Amino acid sequence: MAPHDSSIPIHLLLLLQLLLFPLASSFLHPSHPPLVHIPTLVPHTPTPLTRSRFSAKTQLDFATHCNTSCLHRGEQEEARDQLTQKLAFETLYADGSRTLTAVDVERDEEFEANGGHFPHSLPISGFRVKFRHKRMRRQIYGADGRFNIQGDNFLLDYPFSTAVRISTGCTGVLVSQLHVLTAAHCVHDGKDYVKGARKLRVGFLIPTSTNSNNTGLTSSKKPLVRWVRVKRTRVPRGWIQGPQDVSMDFDYALLELRWPHRRPFMRLSVAPFSDDLVGKRIHFSGFDSDRPGELVYRFCPVEEESSDLIYQHCDARPGASGSGVYGRVWDNSLERWERKVIGIFSGHQWLEIDGENRDYNVAVRITPLKFAQICYWVHGNRLDCVQDQEEQKKEVLKKEDLITYIGVE
């Protein structure tokens, strides 16, 4: 990996990574993985809560410790009532009011066949965990493998254009024309909303050639940023008032903008096994605090995975929290590789594996239940989620027809 001041042209690196490798992988047809069952969440009527005090401080450098129980715990280990309590969610509105929405999970034959547990499990490859105190936290592993994304052609090109700034100092990813997915700890510390969540905003990078005198534009070094206010914020109950090691499993939040944007967004997917990702790699772009005003891209292989977390050594610094972690996932219905958000970058976690002390940067994986919850937040009902998938197929077919028409491969 090249360090920050490397002379390797970023244009060449990105073209090789984003164009040549995906093109080669497109000829590889994987064995068709089984279809993932997506549960259905049935929300109750929201209950009003007291107004938020916005008393918490934003914690950008989020770290946890994991013991054996938290590492091996997953959706397949929890009964319906435990999971539904964690899948309940708070909604924070722009005026400071908030509500709590309880949910049920619709019964189905697959759920009953598993004895009242949800069928979503991943193998744990020999984890042995022991809690240790007083360790130095590290987020750069060896040579710094991050790359600054510079130039309007790259900053505004997909998938980099899906990364947005969060006014509390984090990063988010566009997942619809109105919604941004980010980390829960960027807006809530587990007990209360952070001070900056009172007037939460999302920042869109715009070309430097744009007139900076326009309303809502500010300059932070090179790229300009257009800020948009957030209409409401949703946080899962599993994050709120939970033990720190449990909360990391639910470290995600969805922000709804006051008005839609016109940028491409990246669609969500249930996180597959790492073997089902192209190159077993994940990617994400964020606004790392040690490179102010710059969008930073990185990619790396998945090192380990549990039912709720993705362990990796992608170089990252505070400010990257909330970045959309994506990979190229095989879409059976489209019969092609698609970039999809499969997780949210959270922070790092300390583990002991095979007697050796290790720490990992960690992303919260999108499980079937979390996918169902976020989909409801975005669409409001499950029918729209199904329709959204159908629209995705139509959009891809239209793009393919257009490419064939103009003769571009």
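Scan the range 217-253 residue by residue and report those that are among the aliphatic types (A, V, I, L, M), over 15 Å from the mean Cα position of the chain (by Cα), outside any strand (DSSP E or B) and modelled with pLDDT of 70 or more. First the steps, then the outcome.
Here is the first cut: in the range 217-253, the ones among the aliphatic types (A, V, I, L, M) are 217, 224-225, 228, 230, 235, 240, 246, 248, 253.
Going one step further and asking which of them are over 15 Å from the mean Cα position of the chain (by Cα), we end up with 217, 224-225, 228, 230, 240, 246.
Applying the additional criterion that residues be outside any strand (DSSP E or B) yields 240, 246.
Matches in the range 217-253: Ile240 only.
Only one of these is over 15 Å from the mean Cα position of the chain (by Cα) and among the hydroxyl-bearing types (Ser, Thr, Tyr): Tyr311, Tyr360, Tyr297. Name it. Step through it out loud before you land on a result.
Working: Tyr311 fails: over 15 Å from the mean Cα position of the chain (by Cα); Tyr297 fails: over 15 Å from the mean Cα position of the chain (by Cα).
Unique residue meeting the criteria: Tyr360.
Buried (at least 21 other Cβ atoms within 10 Å of the Cβ) and modelled with pLDDT of 85 or more - does that describe any residue in the range 151-159?
Looking through the range 151-159, none of the residues is buried (at least 21 other Cβ atoms within 10 Å of the Cβ) and modelled with pLDDT of 85 or more.
With the condition kept exactly as written, say whether any residue in the range 277-287 is in contact (Cβ under 8 Å) with a residue 12 or more places away in the chain and closer than 22 Å to Ala102 by Cα.
Looking only at the range 277-287, we keep the residues that are in contact (Cβ under 8 Å) with a residue 12 or more places away in the chain, and these are 277-287.
Narrowing the set further to residues that are closer than 22 Å to Ala102 by Cα leaves none.
Taking every residue of the range 277-287 in turn, none turns out to be in contact (Cβ under 8 Å) with a residue 12 or more places away in the chain and closer than 22 Å to Ala102 by Cα.
Would you confirm whether any residue within the range 282-305 is in contact with an Asp or Glu (Cβ under 6 Å, 6 or more places away or on another chain) and charged (D, E, K, R)?
Initial filter on the range 282-305 (in contact with an Asp or Glu (Cβ under 6 Å, 6 or more places away or on another chain)): 296, 298.
Among the residues that remain, those that are also charged (D, E, K, R) are: 298.
Scanning the range 282-305, I find at least one residue that is in contact with an Asp or Glu (Cβ under 6 Å, 6 or more places away or on another chain) and charged (D, E, K, R), so the answer is yes.
When residues of the range 316-349 are filtered for being of a type in the set (Ser, Thr, Tyr) and in a strand (DSSP E or B), how many remain? I'd like the intermediate steps shown before the answer.
First pass over the range 316-349, keeping only residues of a type in the set (Ser, Thr, Tyr): 321, 323, 326, 333, 346.
Filter again for in a strand (DSSP E or B), leaving 326, 346.
Here the count works out to 2.
So that you can scan it fast, the table gives a plain yes or no per residue for (1) surrounded by fewer than 19 Cβ atoms within 10 Å (Cβ to Cβ); (2) within 18 Å of Val202 (Cβ to Cβ); (3) in contact (Cβ under 8 Å) with a residue 40 or more places away in the chain:
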| site | (1), (2), (3) |
| --- | --- |
| Ile240 | no, no, yes |
| Leu257 | no, yes, yes |
| Phe265 | no, yes, yes |
| Val270 | no, no, yes |
| Asp275 | yes, no, no |
| Phe299 | no, no, yes |
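The values are calculated or read from the model by the stated rules, or taken from the named source; none is laboratory data. What you are looking at is a predicted structure, and each value in this text was computed from that prediction instead of being measured. Cβ atoms come from the backbone with ideal geometry, glycine included; neighbour counts cover every protein chain shown.
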